[in-house]
Amino acid sequence: FPVTIGSGFYLRAFLQGMFPVPKIPEETKEIAKNMDYAEAIHYLQEKDPMALSEIQTSDHYRLKRILEVVLTGARWSEVSKQTVGGFLEENPGLKIQGYWLDWPREELYRRIGKRVLGIYEGMLDETMRVAEQFGADCPGLRSLGYNFALDFLQGAIDTNAFIESLARAHRNYAKRQITWFRKDPLLQANRWIS
C-alpha cells in the first residue's frame with residue numbers, strides 16, 4: 001500500500017501498536033495545562049530526564065503530553081518504549097515489506113516548491129477563517145506552515161518571505177521524514193525519477 005510523506009508515525013502505530021499510555025485523570029490534565037513552561041521542564045528534568053532528552057523542548061504540545069503521563073507517576077521514557085496492539089501483533093507470522101519514494105533531493109525540492117506555490121493562497125484563506133472563528137492560538141494553526149500564514153496576515157512578513165518560509169519548512173519536514181523512513185526496518189527506499 002502507498003505511504004505518503006508525513007504518515008510514518010501512523011504507519012508504525014497501525015502495524016506495531018500504540019504506547020500503553022495510562023488513563024490521565026481530568027485534574028492531572030488541568031495541572032499539566034496550567035503548569036508554567038519553565039516549571040514543566042524542571043519537573044520533567046527531575047522525574048524523567050530521559051523523556052525530556054528525547055524531544056525538542058520547543059514542542060509545547062508533546063512536552064505537556066509527556067508531563068501529563070509523568071504526573072500520573074509513570075515514566076514516559078519507559079511507556080514510550082513499549083507498544084500494544086497493532087496489525088502485526090494480531091497477525092503473527094505475517095511478513096510485511098513496504099516502500100517509500102526516495103526522490104533525488106533536487107527533484108524532491110522542485111516538487112515541494114511547486115506544491116507550495118499551489119497551496120499558499122488557499123492556506124492564507126483557511127488561516128484567516130480559522131483564526132476568525134477559533135482564534136490565532138487554535139491548535140490547528142500549529143500545523144506545518146500556518147505560523148507563516150499568521151505572520152503574513154499580521155503584516156510581519158511579505159508574500160515572498162511567506163512562500164520561502166513555507167517551502168523551507170516543508171523541505172525540513174521532508175528531511176525528517178526521510179530519516180524516519182530510513183530507520184524503519186519494514187520499509188525500503190525506492191528510487192523514482194520522473
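Computed quantities for the displayed model
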| read-out | value |
| --- | --- |
| Percent carbon-and-sulfur accessible area, the range 39-194, ignoring ligands, DNA and RNA, probe 1.4 Å | 52 percent |
| Cleavage-rule hits (trypsin sites (Lys or Arg not before Pro)) in the range 76-181: DSSP loop, at most 14 neighbouring Cβ within 10 angstrom | LYS81, LYS95 |
| Distant-in-sequence amide H partners of GLN188 (H built 1.01 Å from N, under 5 Å) | GLY98, TYR99, TRP100 |
| When each of LYS47/LYS183; LYS81/LYS183; LYS23/LYS81 is checked by Cα-Cα distance, pairs over 19 Å | LYS47/LYS183 |
| Label corresponding to percent of Cα pairs over 26 Å apart when calculated from the structure given, among [x] 51; [y] 38; [z] 33 | [x] |
| The range 148-194 and the range 1-71: distance between their alpha carbon centers, rounded to Å | 23 Å |
| Neighbourhood charge, 9 Å Cβ-Cβ cut-off, centred on LYS33 and excluding it, Lys, Arg +1 and Asp, Glu -1 | 0 |
| Segment ASN160-GLU107, length gained on full extension (0.36 nm per residue, minus Cα span) | 16.9 nm |
| Solvent-free Debye scattering, log10 I(q)/I(0), computed from the Cα coordinates of the range 4-84 at q = 0.25 Å⁻¹ | -1.22 |
| Between the range 100-134 and the range 77-95, the Cα center-to-center distance that results, in Å | 33 Å |
| Accessible surface, the range 22-153, averaged per residue in Å² (probe 1.4 Å) | 65 Å² |
| Ordering of 149-157, 54-62, 27-35 by packing [mean C-beta count within 10 Å, highest first] | 149-157, 27-35, 54-62 |
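The values are calculated or read from the model by the stated rules, or taken from the named source; none is laboratory data. Because the structure is predicted, anything quoted here is derived from the model rather than measured. A quick note on method: Cβ atoms are made from the backbone with ideal geometry, for glycine too, and the neighbour counts reach across all protein chains shown. Ligands, DNA and RNA are stripped out before the accessible areas are found, and what is left, the full protein with its side chains, is counted by its heavy atoms. Shrake-Rupley method; radii C 1.70, N 1.55, O 1.52, S 1.80 Å.
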